[in-house]
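A.B. asks: Below are the C-alpha cells for one structure; questions will follow.
The values are calculated or read from the model by the stated rules, or taken from the named source; none is laboratory data. What you see is a predicted model; the values in this text were computed from it and never measured. Virtual Cβ from ideal backbone geometry, glycine too; neighbours counted across all protein chains shown.
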Amino acid sequence: MSHPARTRRFLTVLLAGAGVMHFAKPAPFDSIVPPALPGAARGYTYASGVAELVVAGMLAAPSTRRLGGAASVALFLAVFPANLQMAWDSRHASALRRAISVGRLPLQGVLVAQGLSVARDDAPASR
C-alpha cells in the first residue's frame, strides 16, 4: 500500500471512529465545546460527529477523495478550539492529563498536513 493510501485510510478510520464516538459517548465531547459558543454543547458534539462521518465517507469514496482531503483540513481547523479548550480545562489536572491535552495540540497540525496531502496527491481518477 502506498504512502498516500495509508494516510487516506488512517484519516478515514480516525474520522469514522471519532464520528461514531460523538454519538455513542457524547459527554467527553460536550465537555470540550468552548463555552463562548452559543447554544447547547450537545448540538456541536452531534454536528461535529456528523461532519466527521461525512468526511470519512468522502475519503473512502474514490470520486470524492481529494475533496475529502480538503474537507478534513477544514474540519481539523474547525475543531481546534475544542482542543484548546481541553488544554485550558486541564491546567489544574494531573500531569498526565495536562500532557495529553497539550500534546494533542501539535498533533492537530500533523492531521492538517495529512489532509492536505490527500487533497493534493490523491487524484480521484488514479484509483
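A.B. asks: State all residues of the stretch 40-76 that are at pLDDT below 95 and either of a type in the set (Phe, Trp, Tyr) or touching a His at 6+ places or on another chain (Cβ under 8 Å) (or both); if no residue qualifies, say none.
C.D. replies: Within the stretch 40-76, no residue meets the criteria.
A.B. asks: A follow-up question, please. Here is a list of conditions, (1) of a type outside the set (Asp, Glu); (2) closer than 20 Å to Pro38 by Cβ; (3) touching a residue at least 40 places away in the same chain (Cβ under 8 Å), and Phe80 meets all of them except one; can you say which number that is?
C.D. replies: (3)
A.B. asks: Out of Val110, Val79, Val20, Val102, I need the residue that is under 20 Å from Pro4 (Cα atoms) and out of contact with any His (no Cβ under 9 Å at 6 or more places or on another chain). Which one?
C.D. replies: Just a single option satisfies the conditions, and that option is Val110.
A.B. asks: Here is a further query. Checking Gly19 against (1) within 16 Å of Val110 (Cβ to Cβ); (2) surrounded by 19 or more Cβ atoms within 10 Å (Cβ to Cβ), which test does it fail?
C.D. replies: It fails just one condition, (1).
A.B. asks: Of all residues in the stretch 105-121, which are under 13 Å from the mean Cα position of the chain (by Cα) and surrounded by 17 or more Cβ atoms within 10 Å (Cβ to Cβ)?
C.D. replies: Of everything in the stretch 105-121, those that are under 13 Å from the mean Cα position of the chain (by Cα) and surrounded by 17 or more Cβ atoms within 10 Å (Cβ to Cβ) turn out to be Leu111, Val112, Gln114, Gly115.
A.B. asks: Output the helices (runs of 4 or more DSSP H) that fall wholly within the stretch 1-110 and possess 1 or more residues being of a type in the set (Gly, Ala, Ser) and within 28 Å of Asp121 (Cα to Cα), or say none.
C.D. replies: In the stretch 1-110, 3-24, 41-60, 65-78 are the helices (runs of 4 or more DSSP H) which contain 1 or more residues that are of a type in the set (Gly, Ala, Ser) and within 28 Å of Asp121 (Cα to Cα).
A.B. asks: Tell me, which residue of the stretch 2-53 that is aromatic (Phe, Trp, Tyr) and within 24 Å of Arg65 (Cα to Cα) is nearest to the chain's Cα centre (by Cα)?
C.D. replies: That would be Phe10.
A.B. asks: Shifting gears a bit: So in the stretch 77-98, with the set limited to residues that are out of contact with any Ser or Thr (no Cβ under 9 Å at 6 or more places or on another chain) and either modelled with pLDDT of 95 or more or aromatic (Phe, Trp, Tyr) (or both), which one is surrounded by the fewest Cβ atoms within 10 Å (Cβ to Cβ)?
C.D. replies: So, considering only residues that are out of contact with any Ser or Thr (no Cβ under 9 Å at 6 or more places or on another chain) and either modelled with pLDDT of 95 or more or aromatic (Phe, Trp, Tyr) (or both), the one surrounded by the fewest Cβ atoms within 10 Å (Cβ to Cβ) is Leu77.
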